[in-house]
Amino acid sequence: MARSAGADGRQRAVIESVAPIVDRGRFPIKRCAGDIITVEADAFADGHDQLRCVLLHRRRGDRTWNEVEMAPLGNDRWRGHFTAPEVGVCEYTIATWVDHYLSWRHDLQRWSAPEDIAVALAVGAQIIAAAAARAKGVDGKRLGAWAKELAGAAPVDVRRERALDAELDEIIARYPDRSLEIIYQPALAVTVDPPRARFSAWYEMFPRASAGPRHGTFRDCEARLAYVAELGFDVLYFPPIHPIGVTRRKGPNNATTSRPGDPGSPWAIGAKEGGHKAIAPELGTTEDFRRLVRTARSRGIEIALDIAFQCSPDHPYVSEHPEWFRHRPDGSVQYAENPPKKYQDIYPFNFETPAWRELWEELKSIFDHWIGEGVRIFRVDNPHTKPFAMWEWMIGEIKNAHPDVIFLSEAFTRPRIMHRLAKLGFTQSYTYFTWRNTKAELTEYFTELSRSWSREYFRPNAWPNTPDILHAYLQGGGRPAFMARLTLAATLAANYGIYGPTFELMEHEPREAGSEEYLNSEKYEIRNWNLDRADSLRDFIARVNRIRRANPALHADWRLAFHRTDNDQIICYSKSTPDLSNVILVVVNLDPVYRQSGWVDLTLEELGVAAGHAYPAHDLLTDSRFTWHGSRNYVELDPQRVPAHILHITPGHP
């Protein structure tokens with residue numbers, strides 16, 4: 001905090017190193033309604049005078065601050081707490097001042113000579129009399145009487161005892177002299193999101209593949225809700241549901257020419273039936289969609305929509321607003337490219353157009369439209385290819401009007417860009433989890449996500465697969481690989497998702513060797529999924545999601561702790577609630593082929609376990625029960641059975 005040129009030179013206190021803070025207050029931190037927010041700061045003054053510090057907080061727009069006394073931690077560090085209110089934005093800051101009463105009282109206890117004590121009592125009488133003038137009613141009268149006692153003729157030791165009365169401290173603390181207080185500026189912001197922002201399980205599904213070989217509808221999706229609920233997911237995410245362009249429509253496996261009847265890619269948005277605010281007629285009507293949203297919500301499931309700011313050549317925007325697109329020298333519109341990839345069926349917007357304001361307003365209206373249809377969760381496609389300034393403005397405007405809206409950033413890009421998008425307002429962010437497969441990679445990455453300062457604004461959402469990403473580990477690892485990756489995603493991160501039914505049915509064939517694209521990807525064709533296949537992972541997924549819901553330790557990310565193992569194919573970590581009333585220990589065999597065994601060395605403090613005592617470990621996946629002893633225990637996991645333990649630890653007691 002810098003002192004302004006017009007500041008009062010008598011203000012002696014200093015506030016530094018406030019935490020939490022993001023980029024010196026440029027961006028808000030993130031919390032969910034009901035969270036306890038802990039604030040710390042360095043506060044000190046010249047000399048030996050005592051300070052008081054208070055934490056100020058309020059909902060943005062309120063005129064008055066709520067105050068919480070901060071406690072000294074030593075070495076001029078202070079700490080206070082407040083509870084995040086309902087969703088929206090709240091603010092917090094710190095006020096501190098030299099407290100002459102506390103300074104006087106501190107010195108009074110140190111004097112020993114009667115003449116020094118007498119002088120100190122006279123000074124104290126003046127300080128207390130000044131407080132009496134600030135006080136009102138009974139407190140004012142009592143302080144006034146106290147001041148007279150200290151200045152009276154009673155023996156010094158009697159007056160000193162009265163001066164050190166704890167009741168005096170309690171009364172006078174209510175009437176401090178804050179005329180020279182320092183307030184940290186500017187006030188810092190907290191984006192307070194609904195609880196689902198911190199803890200959610202996403203299921204991605206192409207709505208057109210919800211009815212077997214024929215084109216599915218929203219009514220078919222409604223029938224699929226029971227299945228999604230059975231699996232334990234609370235967010236059902238659809239790729240774009242808009243009309244699909246015909247011009248340059250892609251065929252199966254991204255073929256550049258399509259056949260009659262090929263449905264095309266949902267990301268080639270826009271046709272004669274409309275654009276981003278329209279529904280593909282094959283899916284149903286607007287009322288069908290509204291009914292689906294209502295029915296899903298009645299089952300505890302929110303419908304999430306994909307918003308992709310791009311157009312097919314047939315989108316009405318292309319003819320109505322040619323200024324929003326980039327044109328090549330021959331006059332044709334530039335289609336999307338990411339060499340060597342070409343997306344001939346997609347036109348990107350030109351965000352450097354002179355008509356950028358009109359473009360921004362129109363794109364925001366797309367979100368406004370679907371919010372009006374009842375949608376509160378959006379997955380945003382490739383936000384890293386659109387301007388940062390637009391996202392900050394757009395998300396800010398939307399959340400001012402609808403603070404419960406959640407935005408998931410699908411930005412598999414460079415770390416600084418991913419983090420900037422999170423700072424700008426995206427509620428959750430895709431991660432590099434898909435490409436973190438070894439023990440060392442997982443440990444390093446999730447320690448960064450859960451323990452570094454970036455956790456103040458970056459909420460990870462871990463996905464083992466997406467329509468664009470079939471990792472080599474899933475291609476060759478068989479059933480154990482899918483089980484291991486699901487366990488990791490669902491327990492390392494409080495927010496996670498799967499792309500189904502490819503995941504539970506263990507689709508693993510790549511389009512070609514070395515590719516992460518699916519063979520016969522349903523991005524380009526309608527697939528017929530047999531959800532009742534005997535080898536489906538549906539029961540395993542449902543069990544993992546039940547475990548997640550039943551254990552609050554898995555509802556947050558910050559108390560993730562890794563524990564050492566002597567086998568690099570075995571990873572071990574724990575999560576716990578702050579009061580250690582719920583402790584979960586996870587052990588996963590990362591080798592999808594061979595049985596692996598070894599010793600885990602637990603940090604017992606993380607588990608709330610008393611040293612030297614046995615403690616029960618209940619495997620919630622298999623219902624097996626073990627008695628563990630101390631910090632070092634043996635594990636053995638056969639991937640052909642179950643490649644993981646999810647253990648509920650009951651701490652031992654002395």
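Taking the conditions exactly as written (assigned to a loop (DSSP other than H, G, I, E, B), over 27 Å from MET483 (Cβ atoms) and hydrophobic (A, V, I, L, M, F, W, C)), does LEU580 satisfy them or not?
The answer is yes for LEU580.
Given the condition open to solvent by less than 10 Å² (accessible area, probe 1.4 Å), under 26 Å from ASN253 (Cβ atoms) and under 17 Å from the mean Cα position of the chain (by Cα), answer yes or no: does some residue in the stretch 456-479 qualify?
The answer is yes, given that some residue of the stretch 456-479 is open to solvent by less than 10 Å² (accessible area, probe 1.4 Å), under 26 Å from ASN253 (Cβ atoms) and under 17 Å from the mean Cα position of the chain (by Cα).
Could you tell me how many of the residues in the stretch 526-537 are touching a Ser or Thr at 6+ places or on another chain (Cβ under 9 Å) and either open to solvent by less than 10 Å² (accessible area, probe 1.4 Å) or under 24 Å from SER200 (Cβ atoms) (or both)?
1
What number of residues within the stretch 222-257 are open to solvent by 20 Å² or more (accessible area, probe 1.4 Å), in a loop (DSSP other than H, G, I, E, B) and either at pLDDT 95 or above or touching a helix residue (DSSP H, G or I) at 6+ places or on another chain (Cβ under 8 Å) (or both)?
The total comes to 4.
Does at least one position in the stretch 616-629 carry a residue that is buried (at least 18 other Cβ atoms within 10 Å of the Cβ), closer than 17 Å to PHE482 by Cβ and out of contact with any Asp or Glu (no Cβ under 9 Å at 6 or more places or on another chain)?
yes
Just the residues that are β-branched (Val, Ile, Thr) and either more than 36 Å from the chain's Cα centre (by Cα) or in a loop (DSSP other than H, G, I, E, B) (or both), please, taken from the stretch 306-340.
Selection gives VAL318, VAL333.
List the number of the failed condition for PHE540; all other conditions in (1) part of a loop (DSSP other than H, G, I, E, B); (2) aromatic (Phe, Trp, Tyr); (3) crowded, with 17+ Cβ neighbours inside 10 Å hold.
(1)
Identify, please: which residue in the stretch 416-445 is touching a residue at least 24 places away in the same chain (Cβ under 8 Å) and more than 27 Å from ASP404 (Cα to Cα) and is, among those, surrounded by the most Cβ atoms within 10 Å (Cβ to Cβ)?
Going through the qualifying residues, I end up with THR434.
Does the stretch 85-96 contain at least one residue that is open to solvent by less than 10 Å² (accessible area, probe 1.4 Å) and farther than 23 Å from LEU180 by Cβ?
yes
Just give me the residues in the stretch 572-589 being open to solvent by less than 10 Å² (accessible area, probe 1.4 Å) and either free of Cβ contacts under 8 Å to residues at least 12 places away in the same chain or over 24 Å from ALA556 (Cβ atoms) (or both), in sequence order.
ASN589
What are the residues in the stretch 358-380 that are touching a residue at least 40 places away in the same chain (Cβ under 8 Å), closer than 24 Å to ARG297 by Cα and either touching a helix residue (DSSP H, G or I) at 6+ places or on another chain (Cβ under 8 Å) or not in a helix (DSSP H, G or I) (or both), if any?
PHE367, GLU373, GLY374, VAL375, ARG376, ILE377, PHE378, ARG379, VAL380 - these are the residues of the stretch 358-380 that are touching a residue at least 40 places away in the same chain (Cβ under 8 Å), closer than 24 Å to ARG297 by Cα and either touching a helix residue (DSSP H, G or I) at 6+ places or on another chain (Cβ under 8 Å) or not in a helix (DSSP H, G or I) (or both).
Select from the stretch 29-49 the residues that are over 14 Å from GLU181 (Cβ atoms), assigned to a loop (DSSP other than H, G, I, E, B) and not small (Gly, Ala, Ser) and write down the one among them that is farthest from the chain's Cα centre (by Cα).
HIS48
Residue under question is ILE406, and the condition is that it be surrounded by 18 or more Cβ atoms within 10 Å (Cβ to Cβ) and among the aliphatic types (A, V, I, L, M); does it hold?
yes
Just a yes or no: is a residue in the stretch 144-153 open to solvent by 70 Å² or more (accessible area, probe 1.4 Å), at pLDDT below 90 and over 20 Å from PRO114 (Cβ atoms)?
No, there is no match, as no residue in the stretch 144-153 is open to solvent by 70 Å² or more (accessible area, probe 1.4 Å), at pLDDT below 90 and over 20 Å from PRO114 (Cβ atoms).
For TYR203, all conditions in the list (1) closer than 30 Å to SER17 by Cα; (2) touching a Leu at 6+ places or on another chain (Cβ under 7 Å) hold save one; what is the number of the exception?
For TYR203, the exception is condition (1).
Return yes or no: is ALA550 at pLDDT 95 or above, within 21 Å of ASN461 (Cα to Cα), open to solvent by 10 Å² or more (accessible area, probe 1.4 Å) and out of contact with any Asp or Glu (no Cβ under 8 Å at 6 or more places or on another chain)?
yes
In the list ASP35, ASP49, ASP42, which residue meets the criterion of being at pLDDT below 95, open to solvent by less than 60 Å² (accessible area, probe 1.4 Å) and not hydroxyl-bearing (Ser, Thr, Tyr)? Even if it seems obvious, please write down each step before you answer.
On the way: ASP35 fails: at pLDDT below 95; ASP42 fails: at pLDDT below 95.
None of the other options fit; the residue is ASP49.
Which residues, taken from the stretch 298-330, are in contact (Cβ under 8 Å) with a residue 24 or more places away in the chain, more than 21 Å from SER265 (Cβ to Cβ) and charged (D, E, K, R)?
Listed by number, the residues that qualify are ARG299, GLU302, GLU323.
Return the residues of the stretch 602-629 that are of a type in the set (A, V, I, L, M) and either modelled with pLDDT under 95 or in a helix (DSSP H, G or I) (or both); say none if nothing qualifies.
LEU604, LEU607, VAL609, ALA610, ALA611, ALA614
Which numbered condition in (1) modelled with pLDDT of 95 or more; (2) among the polar types (S, T, N, Q); (3) touching an Asp or Glu at 6+ places or on another chain (Cβ under 9 Å) is the only one that ASN66 fails?
Going through (1) modelled with pLDDT of 95 or more; (2) among the polar types (S, T, N, Q); (3) touching an Asp or Glu at 6+ places or on another chain (Cβ under 9 Å) one by one, ASN66 breaks only (3).
If the requirement is being without any contact (Cβ under 8 Å) to a residue 24 or more places away in the chain and either open to solvent by 30 Å² or more (accessible area, probe 1.4 Å) or more than 24 Å from CYS572 (Cα to Cα) (or both), which of these qualifies: GLU512, GLU522?
GLU512
I'd like to check something: does the stretch 287-294 contain any residue that is assigned to a loop (DSSP other than H, G, I, E, B) and not β-branched (Val, Ile, Thr)?
no
The values are calculated or read from the model by the stated rules, or taken from the named source; none is laboratory data. Note that the structure is a prediction, hence the values are computed from the model and not measured. As a convention, Cβ positions derive from the backbone with ideal geometry for all residues, glycine included, and neighbour counts pool all protein chains shown. Side chains included, ligands, DNA and RNA excluded: accessible areas come from the protein's heavy atoms. Shrake-Rupley method; radii C 1.70, N 1.55, O 1.52, S 1.80 Å.
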